Structure formats: C-alpha cells, structure tokens
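Report on the structure given below.
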Amino acid sequence: MAWMIGRAEAMADPDGARRKVLAKLHGLTEVDDPESLVVPILIDAMLLVESYRGARHQVTFLPELTRNVDALLRELDIIEKTKAWASE
C-alpha cells in the first residue's frame, strides 16, 4: 500500500495532512543516518522558497513553507551569532 497525501486532502484539511506527515516522520528514528535523507530535502525547500519569493503566482503552501524556512534561518543565524560572540 502506498502512502500519499493528495492535493485535495491537503487543501481540505491542512492540519490533518501535517499530522499524517508527522506520524510518517516518526519512522526517521529507525533510519540509519536520517540526516542524509532530511538535509537534501531542507536544502531543496529553502531553494524553492527563495526562487518563488515575490513570484506573481504563489505555489500552494509556499507561504507556510516560506515562514517555516524563515524561522529556521533565524534560529540558525542566532546559533551562528552566539557561537561567534562566545569565541571572541
């Protein structure tokens, strides 16, 4: 049986679709080196957000992805600045 969330399901119940994705991601704890799978996806998501920023026609869920990527970038910036200040 294939696991899938269709566009109609995601649009009709975004929170339910996110819960379904989160439940699926719990399996990452069983994967050897999950970072090797997740990091490329995060890179692609960040590139997608940046390439569509300010586009005339927004992609579905792009605003949420943009907010999430921006939050991730803010956290990473805080970590980098904290490390830089600590090393001074």
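Might you report the magnitude of the Cβ-based charge dipole of the range 7-87 about its Cα centre, with Lys and Arg at +1 and Asp and Glu at -1, to the nearest 20 debye? Before the final figure, lay out each step's value.
On the way: 11 positive and 14 negative charges, 75 e Å.
That gives a dipole near 360 debye.
Assuming R0 = 22 Å, what is the FRET efficiency of residue 19 and residue 39, from their Cβ-Cβ distance, to the nearest 0.05?
On the way: r = 24 Å, r/R0 = 1.07.
So the FRET efficiency works out to roughly 0.40.
Working from label points 7 Å from Cα in the Cα-to-Cβ sense, the residue 56 to residue 8 distance is 3.1 nm. Per residue, the range 7-87 exposes 81 Å² of solvent-accessible protein surface, assessed with a 1.4 angstrom probe and all protein chains in place. Can you list, bin by bin at 10 Å, the percent of alpha carbon pairs in the chain, starting at 0? Calculated over all Cα pairs of the chain, the distribution is 13, 33, 37, 13, 3, 0 percent. Once both labels are positioned 7 Å from their Cα atoms along Cα-to-Cβ, the gap between residue 31 and residue 79 label points is 1.8 nm.
The values are calculated or read from the model by the stated rules, or taken from the named source; none is laboratory data. On a predicted model such as this, the values are computed, not experimentally measured, just so you know. Positions of Cβ are generated from backbone atoms using ideal geometry, with glycine treated the same way; all protein chains shown enter the neighbour counts. Note: areas computed on protein heavy atoms with side chains; ligands, DNA, RNA excluded. Shrake-Rupley method; radii C 1.70, N 1.55, O 1.52, S 1.80 Å.
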